[in-house]
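Only one structure is covered here, and it is reproduced in the block below.
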Amino acid sequence: MTRTKVLLVDDEVEFASALAERLQLRNFDVRAASNALEALASINSDTPDVVVLDLKMPGMGGIEILKTIKKIDRTIEVILLTGHGDRESVQEGMQSGAAEYIMKPIDIEELISKINSAKVKGDKNRAESRR
Amino acid sequence: MDSAGEELRIMQMQFIGRIIASFTHEVKNHLAFIKESAGLVGDLMASREHLDVKDVHHTVDIMQSIEDQVRKSSEFCSYLNRFAHRMDCLKTTFDMNECVDDLRVLMHRIANQKRIVIGKAFESDRLQIHSSPALLQLMVFCVLEEMINRLAMNSRIGLKTLSSKEGISVVISPEGEETPQSEAERRCSIPFLQNIARRLEGAFEEKGKDVVITLPRS
(Lines give C-alpha, C1' and ligand atoms only; values in the text may rest on other atoms or scores of the structure.)
Protein backbone atom coordinates (compact mmCIF):
# COMPACT_ATOMS: atom_id res chain seq x y z
CA MET A 1 0.00 0.00 0.00
CA THR A 2 1.52 3.34 -1.05
CA ARG A 3 2.13 5.82 1.74
CA THR A 4 0.33 9.15 1.71
CA LYS A 5 2.71 11.91 0.63
CA VAL A 6 2.53 14.96 2.87
CA LEU A 7 4.30 18.27 2.42
CA LEU A 8 4.60 20.35 5.61
CA VAL A 9 5.05 24.07 4.99
CA ASP A 10 5.93 26.10 8.08
CA ASP A 11 8.64 28.68 8.77
CA GLU A 12 8.99 27.32 12.32
CA VAL A 13 11.60 24.78 11.25
CA GLU A 14 11.97 22.92 14.53
CA PHE A 15 8.21 22.52 14.91
CA ALA A 16 7.91 21.21 11.34
CA SER A 17 10.81 18.81 11.91
CA ALA A 18 9.22 17.32 15.07
CA LEU A 19 5.82 17.03 13.39
CA ALA A 20 7.36 15.46 10.29
CA GLU A 21 9.08 12.83 12.39
CA ARG A 22 5.83 12.01 14.23
CA LEU A 23 4.00 11.59 10.93
CA GLN A 24 6.83 9.45 9.54
CA LEU A 25 6.52 7.15 12.56
CA ARG A 26 2.87 6.77 11.55
CA ASN A 27 3.88 5.69 8.04
CA PHE A 28 3.39 8.94 6.16
CA ASP A 29 5.92 9.97 3.48
CA VAL A 30 6.75 13.49 4.70
CA ARG A 31 8.74 16.39 3.33
CA ALA A 32 9.11 19.81 4.96
CA ALA A 33 9.53 23.28 3.49
CA SER A 34 10.11 26.51 5.39
CA ASN A 35 9.02 29.02 2.74
CA ALA A 36 7.07 29.44 -0.49
CA LEU A 37 10.07 28.87 -2.75
CA GLU A 38 10.99 25.57 -1.11
CA ALA A 39 7.34 24.48 -1.01
CA LEU A 40 6.69 25.12 -4.70
CA ALA A 41 10.00 23.50 -5.70
CA SER A 42 9.08 20.44 -3.66
CA ILE A 43 5.62 20.25 -5.25
CA ASN A 44 7.09 20.51 -8.74
CA SER A 45 9.68 17.80 -8.11
CA ASP A 46 7.41 15.31 -6.30
CA THR A 47 3.69 16.03 -6.11
CA PRO A 48 2.32 15.52 -2.61
CA ASP A 49 -1.15 14.16 -1.89
CA VAL A 50 -1.74 16.66 0.91
CA VAL A 51 -0.07 19.92 1.91
CA VAL A 52 -0.21 21.06 5.53
CA LEU A 53 0.33 24.80 5.25
CA ASP A 54 0.93 27.45 7.91
CA LEU A 55 -1.29 30.47 7.28
CA LYS A 56 1.00 33.16 8.67
CA MET A 57 4.43 32.96 7.07
CA PRO A 58 6.92 35.69 6.29
CA GLY A 59 7.12 36.82 2.69
CA MET A 60 4.63 34.98 0.46
CA GLY A 61 1.88 34.16 2.95
CA GLY A 62 -0.19 31.03 3.31
CA ILE A 63 -3.17 32.21 1.25
CA GLU A 64 -0.97 33.17 -1.71
CA ILE A 65 0.85 29.84 -1.54
CA LEU A 66 -2.50 28.01 -1.38
CA LYS A 67 -3.75 29.79 -4.51
CA THR A 68 -0.50 29.00 -6.33
CA ILE A 69 -0.73 25.32 -5.36
CA LYS A 70 -4.27 25.16 -6.67
CA LYS A 71 -3.13 26.69 -9.97
CA ILE A 72 -0.36 24.07 -10.27
CA ASP A 73 -2.63 21.14 -9.43
CA ARG A 74 -6.15 21.62 -8.05
CA THR A 75 -6.26 17.98 -6.88
CA ILE A 76 -3.57 18.62 -4.24
CA GLU A 77 -5.52 19.05 -1.03
CA VAL A 78 -4.40 21.67 1.47
CA ILE A 79 -4.92 21.73 5.23
CA LEU A 80 -4.32 25.13 6.84
CA LEU A 81 -2.39 25.46 10.10
CA THR A 82 -3.54 28.46 12.09
CA GLY A 83 -3.28 30.20 15.44
CA HIS A 84 -6.39 31.28 17.36
CA GLY A 85 -7.93 34.48 16.03
CA ASP A 86 -7.07 34.05 12.37
CA ARG A 87 -10.76 33.53 11.55
CA GLU A 88 -10.85 35.88 8.56
CA SER A 89 -7.74 34.30 7.05
CA VAL A 90 -9.19 30.83 7.64
CA GLN A 91 -12.40 31.85 5.89
CA GLU A 92 -10.44 33.27 2.98
CA GLY A 93 -8.39 30.08 2.85
CA MET A 94 -11.45 27.84 2.78
CA GLN A 95 -12.97 29.98 0.04
CA SER A 96 -9.70 29.70 -1.90
CA GLY A 97 -9.93 25.91 -1.91
CA ALA A 98 -8.42 24.64 1.33
CA ALA A 99 -9.89 21.30 2.39
CA GLU A 100 -9.60 21.80 6.14
CA TYR A 101 -7.94 23.79 8.87
CA ILE A 102 -6.40 22.91 12.22
CA MET A 103 -5.33 25.12 15.13
CA LYS A 104 -1.91 25.21 16.77
CA PRO A 105 -0.87 23.58 19.05
CA ILE A 106 -2.22 20.68 17.06
CA ASP A 107 -3.70 17.36 18.12
CA ILE A 108 -1.77 14.77 16.08
CA GLU A 109 -4.70 12.34 15.82
CA GLU A 110 -6.98 15.13 14.60
CA LEU A 111 -4.39 16.12 12.00
CA ILE A 112 -4.03 12.53 10.79
CA SER A 113 -7.79 12.21 10.46
CA LYS A 114 -7.89 15.38 8.37
CA ILE A 115 -4.93 14.25 6.22
CA ASN A 116 -6.64 10.92 5.53
CA SER A 117 -9.93 12.65 4.61
CA ALA A 118 -8.10 15.09 2.37
CA LYS A 119 -6.27 12.22 0.64
CA VAL A 120 -9.57 10.48 -0.10
CA LYS A 121 -10.99 13.72 -1.49
CA GLY A 122 -7.91 14.32 -3.63
CA ASP A 123 -7.93 10.74 -5.00
CA LYS A 124 -11.61 11.13 -5.92
CA ASN A 125 -10.93 14.42 -7.74
CA ARG A 126 -7.99 12.89 -9.59
CA ALA A 127 -10.10 9.91 -10.68
CA GLU A 128 -12.87 12.22 -11.90
CA SER A 129 -10.49 14.45 -13.83
CA ARG A 130 -9.10 11.41 -15.67
CA ARG A 131 -12.55 10.44 -17.01
CA MET B 1 -12.57 63.47 27.55
CA ASP B 2 -11.56 65.84 24.75
CA SER B 3 -10.97 64.58 21.20
CA ALA B 4 -7.15 64.64 21.52
CA GLY B 5 -7.39 62.57 24.70
CA GLU B 6 -9.85 60.21 23.04
CA GLU B 7 -7.55 59.79 20.03
CA LEU B 8 -4.63 58.99 22.35
CA ARG B 9 -6.72 56.42 24.24
CA ILE B 10 -7.76 54.72 20.99
CA MET B 11 -4.18 54.65 19.66
CA GLN B 12 -2.89 53.19 22.93
CA MET B 13 -5.55 50.48 22.89
CA GLN B 14 -4.72 49.60 19.28
CA PHE B 15 -1.00 49.56 20.10
CA ILE B 16 -1.49 47.28 23.11
CA GLY B 17 -3.78 45.04 21.05
CA ARG B 18 -1.19 44.68 18.28
CA ILE B 19 1.56 43.82 20.75
CA ILE B 20 -0.58 41.26 22.58
CA ALA B 21 -1.74 39.64 19.32
CA SER B 22 1.83 39.33 18.09
CA PHE B 23 2.97 37.99 21.47
CA THR B 24 0.25 35.32 21.65
CA HIS B 25 1.01 34.22 18.10
CA GLU B 26 4.66 33.82 19.01
CA VAL B 27 3.91 31.93 22.23
CA LYS B 28 1.46 29.64 20.41
CA ASN B 29 4.29 28.68 18.09
CA HIS B 30 6.55 28.00 21.07
CA LEU B 31 3.84 25.81 22.65
CA ALA B 32 3.22 24.00 19.38
CA PHE B 33 6.90 23.06 19.20
CA ILE B 34 6.97 21.93 22.85
CA LYS B 35 3.83 19.83 22.35
CA GLU B 36 5.12 18.17 19.18
CA SER B 37 8.52 17.47 20.71
CA ALA B 38 6.98 15.95 23.86
CA GLY B 39 4.67 13.88 21.66
CA LEU B 40 7.63 12.74 19.59
CA VAL B 41 9.41 11.45 22.69
CA GLY B 42 6.30 9.45 23.54
CA ASP B 43 6.03 8.16 19.98
CA LEU B 44 9.67 7.05 19.92
CA MET B 45 9.27 5.21 23.23
CA ALA B 46 6.10 3.52 22.00
CA SER B 47 7.44 2.58 18.59
CA ARG B 48 10.52 0.66 19.70
CA GLU B 49 10.70 -2.52 21.70
CA HIS B 50 14.23 -1.66 22.73
CA LEU B 51 15.88 1.72 22.53
CA ASP B 52 19.37 1.65 21.05
CA VAL B 53 22.09 4.22 21.76
CA LYS B 54 21.06 6.31 18.75
CA ASP B 55 17.46 6.46 20.00
CA VAL B 56 18.60 7.45 23.50
CA HIS B 57 20.78 10.28 22.11
CA HIS B 58 17.94 11.43 19.87
CA THR B 59 15.52 11.46 22.83
CA VAL B 60 18.01 13.38 24.98
CA ASP B 61 18.44 15.95 22.18
CA ILE B 62 14.67 16.40 21.94
CA MET B 63 14.36 16.86 25.72
CA GLN B 64 17.14 19.45 25.59
CA SER B 65 15.41 21.36 22.83
CA ILE B 66 12.18 21.33 24.88
CA GLU B 67 14.10 22.77 27.82
CA ASP B 68 15.67 25.42 25.58
CA GLN B 69 12.29 26.39 24.16
CA VAL B 70 10.72 26.68 27.63
CA ARG B 71 13.58 28.98 28.62
CA LYS B 72 13.09 31.12 25.47
CA SER B 73 9.33 31.30 26.09
CA SER B 74 9.89 32.34 29.70
CA GLU B 75 12.30 35.09 28.60
CA PHE B 76 9.80 36.27 26.04
CA CYS B 77 7.09 36.44 28.71
CA SER B 78 9.42 38.68 30.73
CA TYR B 79 9.42 41.18 27.87
CA LEU B 80 5.62 41.33 27.86
CA ASN B 81 5.55 41.59 31.62
CA ARG B 82 7.93 44.59 31.52
CA PHE B 83 5.84 46.10 28.72
CA ALA B 84 2.70 45.79 30.84
CA HIS B 85 4.35 47.31 33.90
CA ARG B 86 5.52 50.33 31.88
CA MET B 87 1.90 51.44 32.16
CA ASP B 88 1.80 51.28 35.99
CA CYS B 89 2.64 54.98 36.37
CA LEU B 90 2.20 57.92 34.06
CA LYS B 91 5.81 59.03 34.67
CA THR B 92 8.68 57.09 36.15
CA THR B 93 12.47 56.76 35.98
CA PHE B 94 13.59 54.17 33.50
CA ASP B 95 16.44 53.16 31.19
CA MET B 96 15.74 54.38 27.64
CA ASN B 97 17.83 51.57 26.06
CA GLU B 98 15.91 48.84 27.88
CA CYS B 99 12.54 50.46 27.15
CA VAL B 100 13.21 50.74 23.40
CA ASP B 101 14.80 47.28 23.21
CA ASP B 102 11.78 45.68 24.89
CA LEU B 103 9.59 47.08 22.15
CA ARG B 104 12.05 45.97 19.46
CA VAL B 105 11.86 42.37 20.71
CA LEU B 106 8.05 42.43 20.98
CA MET B 107 7.78 43.78 17.42
CA HIS B 108 10.07 41.12 15.97
CA ARG B 109 7.23 38.98 14.63
CA ILE B 110 5.45 41.97 13.08
CA ALA B 111 8.62 43.03 11.27
CA ASN B 112 9.47 39.45 10.34
CA GLN B 113 6.31 39.13 8.26
CA LYS B 114 8.24 41.16 5.68
CA ARG B 115 11.61 39.74 6.81
CA ILE B 116 12.54 43.21 8.04
CA VAL B 117 15.26 43.31 10.69
CA ILE B 118 15.07 45.95 13.43
CA GLY B 119 18.69 46.47 14.40
CA LYS B 120 19.92 48.28 17.48
CA ALA B 121 22.88 50.56 18.14
CA PHE B 122 22.39 51.87 21.64
CA GLU B 123 24.67 54.14 23.60
CA SER B 124 26.49 51.76 25.89
CA ASP B 125 25.87 53.68 29.08
CA ARG B 126 22.56 53.37 30.86
CA LEU B 127 20.37 56.26 29.71
CA GLN B 128 18.25 57.09 32.76
CA ILE B 129 15.28 59.29 32.05
CA HIS B 130 12.23 60.42 34.02
CA SER B 131 9.30 60.42 31.64
CA SER B 132 6.48 58.20 30.37
CA PRO B 133 7.83 54.88 29.08
CA ALA B 134 4.37 53.89 27.80
CA LEU B 135 4.01 57.02 25.67
CA LEU B 136 7.60 56.70 24.43
CA GLN B 137 6.90 53.12 23.35
CA LEU B 138 3.68 54.25 21.65
CA MET B 139 5.58 56.83 19.60
CA VAL B 140 8.33 54.39 18.64
CA PHE B 141 5.74 51.73 17.78
CA CYS B 142 3.83 54.11 15.48
CA VAL B 143 7.03 55.05 13.64
CA LEU B 144 8.25 51.45 13.35
CA GLU B 145 4.87 50.20 12.14
CA GLU B 146 4.65 52.90 9.49
CA MET B 147 8.20 52.15 8.28
CA ILE B 148 7.49 48.40 8.19
CA ASN B 149 4.39 49.08 6.08
CA ARG B 150 6.21 51.14 3.48
CA LEU B 151 9.53 49.29 3.32
CA ALA B 152 10.09 46.46 0.85
CA MET B 153 10.74 42.88 1.95
CA ASN B 154 14.17 42.14 3.44
CA SER B 155 14.76 45.75 4.48
CA ARG B 156 16.25 46.99 7.70
CA ILE B 157 15.34 49.58 10.35
CA GLY B 158 18.03 50.98 12.60
CA LEU B 159 17.26 51.96 16.20
CA LYS B 160 19.82 54.20 17.86
CA THR B 161 19.84 55.98 21.21
CA LEU B 162 22.05 58.89 22.08
CA SER B 163 22.54 61.43 24.76
CA SER B 164 22.93 65.17 24.16
CA LYS B 165 22.44 68.41 26.06
CA GLU B 166 18.86 68.55 24.75
CA GLY B 167 18.10 65.23 26.38
CA ILE B 168 18.00 61.63 25.27
CA SER B 169 17.06 60.74 21.69
CA VAL B 170 15.83 57.69 19.84
CA VAL B 171 16.76 57.81 16.15
CA ILE B 172 14.79 55.48 13.87
CA SER B 173 16.30 54.99 10.40
CA PRO B 174 14.72 53.01 7.56
CA GLU B 175 17.11 51.25 5.15
CA GLY B 176 15.63 49.86 1.96
CA GLU B 177 13.28 50.50 -0.92
CA GLU B 178 10.09 52.24 0.05
CA THR B 179 6.54 52.56 -1.22
CA PRO B 180 5.40 56.05 -0.29
CA GLN B 181 2.36 56.17 1.98
CA SER B 182 -0.17 58.93 2.11
CA GLU B 183 -0.86 60.67 5.42
CA ALA B 184 -4.32 59.03 5.43
CA GLU B 185 -2.74 55.55 5.36
CA ARG B 186 -0.75 56.15 8.53
CA ARG B 187 -2.20 54.82 11.80
CA CYS B 188 -0.73 57.78 13.71
CA SER B 189 -0.42 61.19 12.09
CA ILE B 190 2.68 63.32 12.53
CA PRO B 191 0.78 66.06 14.41
CA PHE B 192 -0.56 63.39 16.82
CA LEU B 193 2.98 62.14 17.51
CA GLN B 194 4.32 65.68 17.83
CA ASN B 195 1.57 66.40 20.39
CA ILE B 196 2.60 63.40 22.49
CA ALA B 197 6.23 64.51 22.40
CA ARG B 198 5.21 68.03 23.45
CA ARG B 199 3.19 66.60 26.38
CA LEU B 200 6.43 65.03 27.55
CA GLU B 201 8.27 68.34 26.96
CA GLY B 202 10.22 66.69 24.15
CA ALA B 203 10.32 66.77 20.38
CA PHE B 204 9.31 64.56 17.47
CA GLU B 205 11.16 65.41 14.27
CA GLU B 206 11.53 64.01 10.81
CA LYS B 207 15.12 64.51 9.59
CA GLY B 208 15.21 63.28 6.03
CA LYS B 209 14.08 59.66 6.18
CA ASP B 210 14.95 59.37 9.86
CA VAL B 211 12.66 60.07 12.78
CA VAL B 212 14.17 61.51 15.95
CA ILE B 213 12.28 61.47 19.25
CA THR B 214 13.98 63.50 21.96
CA LEU B 215 12.90 63.61 25.58
CA PRO B 216 14.35 65.67 28.44
CA ARG B 217 16.10 63.69 31.15
CA SER B 218 13.58 64.81 33.78
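What total accessible surface area, summed over both chains, is buried at the interface between chains A and B, computed with a 1.4 Å probe and given in Å² to the nearest 100?
On the way: alone 7270 and 12130 Å², together 17440 Å².
Using a 1.4 Å probe, the pair buries roughly 2000 Å².
Ordered from longest to shortest, the equivalent ellipsoid semi-axes for the stretch B:41-106 are 44, 11, 7 Å, each the square root of 5 times a Cα gyration tensor eigenvalue.
Rolling a 1.4 angstrom probe over the protein heavy atoms, how many square angstrom per residue are accessible across the protein assembly as shown? Write out the running numbers ahead of the final one.
On the way: 17440 Å² over 349 residues.
For the protein assembly as shown, the per-residue accessible area is 50 Å².
Multiplying the residue separation of B:T24 and B:T93 by 0.36 nm and subtracting their alpha-carbon distance yields 22.0 nm. Over every Cα atom in the stretch B:57-164, the radius of gyration and the widest Cα-Cα span, Dmax, amount to 16.5, 55 Å. With viscosity 0.692 mPa s and temperature 37 °C, the Kirkwood radius over alpha carbon pairs of the stretch A:40-131 converts through Stokes-Einstein to a diffusion coefficient of 244 µm²/s.
Peptide packing: for A:18-31, B:75-88, the average count of neighbouring Cβ atoms within 10 Å per residue gives the ranking A:18-31, B:75-88, highest mean first. For B:K91, the aspartates and glutamates whose Cα comes closer than 16 Å to its Cα, not counting residues fewer than 8 places off in the same chain, are B:E201.
In this label model, A:E110 and A:Q24 are separated by 2.6 nm, measuring between points 7 Å along each Cα→Cβ vector. One decimal place: the segment B:D61-B:S78 gains 3.5 nm when fully extended, by the rule 0.36 nm per residue minus the C-alpha distance.
Under the Kirkwood approximation applied to all pairs of distinct alpha-carbon atoms, what is the hydrodynamic radius of the stretch B:92-148 in Å? All intermediate terms of the calculation are to be shown ahead of the outcome.
Details: mean 1/r = 0.0833 Å⁻¹.
Roughly 12.0 Å, rounded to one decimal.
For the stretch A:18-83, the Kirkwood hydrodynamic radius from C-alpha pairs, put into Stokes-Einstein at 20 °C and a viscosity of 1.002 mPa s, yields a diffusion coefficient of 175 µm² per second.
How well do other chains shield peptide B:156-164, expressed as the mean number of their Cβ atoms within 10 Å of each residue Cβ? If you can, show how the numbers build up before the last one.
Numbers: counts 0, 0, 0, 0, 0, 0, 0, 0, 0.
Average neighbour count from other chains, rounded to a whole number: 0.
So, with a 1.4 angstrom probe, what is the percent of accessible area on the protein assembly as shown that is carbon and sulfur? Whole-percent figure for carbon plus sulfur exposure: 51. Taking the centroid of alpha carbons for each part, the stretch A:16-61 and the stretch B:99-178 are 34 Å apart. Charged side chains reduced to their Cβ positions (Lys and Arg at +1, Asp and Glu at -1) give the stretch B:49-131 a dipole of some 620 debye around its Cα centre.
Shown here: the protein assembly as shown, whose C-alpha atoms stretch 76, 50, 37 Å along the first, second and third principal axes, sorted largest to smallest. Spin-label model, B:M13 to B:E185: label points 7 Å out along the Cα-to-beta-carbon direction sit 2.7 nm apart. In this model, which of A:K56/A:K114; A:K71/A:K124; A:K70/A:K124; A:K71/B:K28; A:K56/B:K209; A:K70/B:K72 are farther than 27 Å apart at the alpha-carbon? Result: A:K71/B:K28; A:K56/B:K209; A:K70/B:K72 exceed 27 Å.
So which aspartates and glutamates can A:K104 reach, going by Cα to Cα under 15 Å and dropping same-chain residues fewer than 8 places off? Within the straight-line limit of under 15 Å, A:K104 reaches these aspartates and glutamates: A:D10, A:D11, A:E12, A:E14, A:D54, A:D86, B:E26, B:E36. Taking every residue in A:101-108 and counting other chain Cβ atoms within 10 Å of its Cβ, the average works out to 4. Relative to its residue count, chain B spans a Cα convex hull of 149 Å³ per residue.
The values are calculated or read from the model by the stated rules, or taken from the named source; none is laboratory data. Everything quoted here is computed from the prediction, not taken from an experiment. So basically every Cβ, Gly included, is an ideal-geometry build from the backbone, and we count neighbours across all protein chains shown. All accessible areas refer to the heavy atoms of the entire protein, side chains included, with ligands and DNA or RNA removed. Shrake-Rupley method; radii C 1.70, N 1.55, O 1.52, S 1.80 Å.
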